[in-house]
1. Kindly indicate whether VAL53 is open to solvent by 60 Å² or more (accessible area, probe 1.4 Å), hydrophobic (A, V, I, L, M, F, W, C) and at pLDDT 95 or above.
2. Show me the helices (runs of 4 or more DSSP H) entirely contained within the range 182-289 in which 2 or more residues are open to solvent by less than 60 Å² (accessible area, probe 1.4 Å) and aromatic (Phe, Trp, Tyr).
3. Here are some conditions: (1) of a type in the set (D, E, K, R); (2) farther than 30 Å from PRO168 by Cα; (3) open to solvent by less than 50 Å² (accessible area, probe 1.4 Å). ARG101 meets all but one. Which one does it not meet?
4. Report, by residue number, each residue of the range 29-58 that is more than 30 Å from GLY227 (Cα to Cα) and either without any contact (Cβ under 8 Å) to a residue 12 or more places away in the chain or part of a helix (DSSP H, G or I) (or both).
5. Among the small types (Gly, Ala, Ser) and assigned to a strand (DSSP E or B): is that true of SER126 in this structure?
6. Please enumerate the residues belonging to the range 98-123 that are assigned to a helix (DSSP H, G or I) and either of a type in the set (A, V, I, L, M, F, W, C) or more than 26 Å from ASP21 (Cα to Cα) (or both).
7. Just name the residue that is least open to solvent (accessible area, probe 1.4 Å) out of those in the range 131-181 that are outside any loop (DSSP other than H, G, I, E, B) and of a type in the set (Asp, Glu).
8. Just checking, how many residues over the range 180-209 are of a type in the set (S, T, N, Q), closer than 12 Å to GLY151 by Cα and within 16 Å of the chain's Cα centre (by Cα)?
Amino acid sequence: RLALYPNLNVKDEAWRALFRDVRFRRALSLAVNRHEINQVMYYGLGIEGNNTVLPGSPMFKEHYRDAWARFDIDMANRLLDEMGLTAYDDGDDFRLMPDGRRLEIIIETAGEDTEQSDVLELVRDSWAQIGVKVYTKPSQREVFRNRIYAGESQMSIWPGYENAMPTPDMSPEEFAPTRQTSLQWPQWGQHYETSGMAGTAPELPDAARLLELYEQWFDSPSGPERGRIWQDILDLHADNVFTIGLISGVLQPIVVADKLRNVPEVGVYNWNPGAHLGIYLPDTFWFDE
């Protein structure tokens, strides 16, 4: 439903170094109170955890959902201390970056609804407990994306992975830096999309490894081998926290006329896979007179 995307290609060198340190991403994830978000925003009906595949996928493992996703302020603070982020602003409860600036993250939104801003209010409260100040910056979708592509944005909030119900034979391109529209690594994705004509190659070894696994998936003819590659990709994501998942599996009510027949009572409502209702063959729906 929603995830946070630290921009690993942000122009600011100090922020880029922080975001590329896995301890920082893990600390931010541990400091998100997902249970509070679920209860306050979604009546407890969502799934709390990482930005990964859902239980309906044959590749699902609880580890993928739960790794570094529990609410643990003490562990988060220890990770930040281990990074050397031990200085605090005078008379303030917020940490300082290595260059002396206050540790302030601006999370940008496309400004299209209040849901994302409301969730960020809860994130702001919990991250304050680890000395990280949060500001929210809404804009317009095109501006939002262009700022991320240009490295001007530190972090953004957006829906999670589009296809969270994949099978081994579905492409894992969304889970590797293969396209510019991936908000956590737009420059690396652009580099792959343009065959090196633009953007930059992944500098993080595990991100480069994701591309290798993606290429291996294409070269593999068998379902079991493709499934193994998928598992390796999901393992890397769970351990590296490239994106910070917040909540998933939120229910989507669908209004159906009383006379319309052959509509399933329960289903998956998402563009990929399924084209929303398209997966349920709406051409077979019919009206009972």
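The values are calculated or read from the model by the stated rules, or taken from the named source; none is laboratory data. Remember, it's a predicted structure, so these values are computed and weren't measured experimentally. Cβ: placed from backbone, ideal geometry, glycine included. Neighbour counts: every protein chain shown. The accessibility values were calculated without ligands, DNA or RNA, using every heavy atom of the protein model including side chains. Shrake-Rupley method; radii C 1.70, N 1.55, O 1.52, S 1.80 Å.
1. So VAL53 fails the test.
2. The qualifying helices (runs of 4 or more DSSP H) are 205-219.
3. That leaves (3) as the condition not met.
4. Result: HIS35, GLU36, ILE37, ASN38, GLN39, VAL40, MET41, TYR42, TYR43, GLY44.
5. Criteria not met by SER126.
6. Selection gives GLU115, SER117, ASP118, VAL119, LEU120, LEU122, VAL123.
7. GLU174
8. Summing the residues that are of a type in the set (S, T, N, Q), closer than 12 Å to GLY151 by Cα and within 16 Å of the chain's Cα centre (by Cα) in the range 180-209 gives 2.
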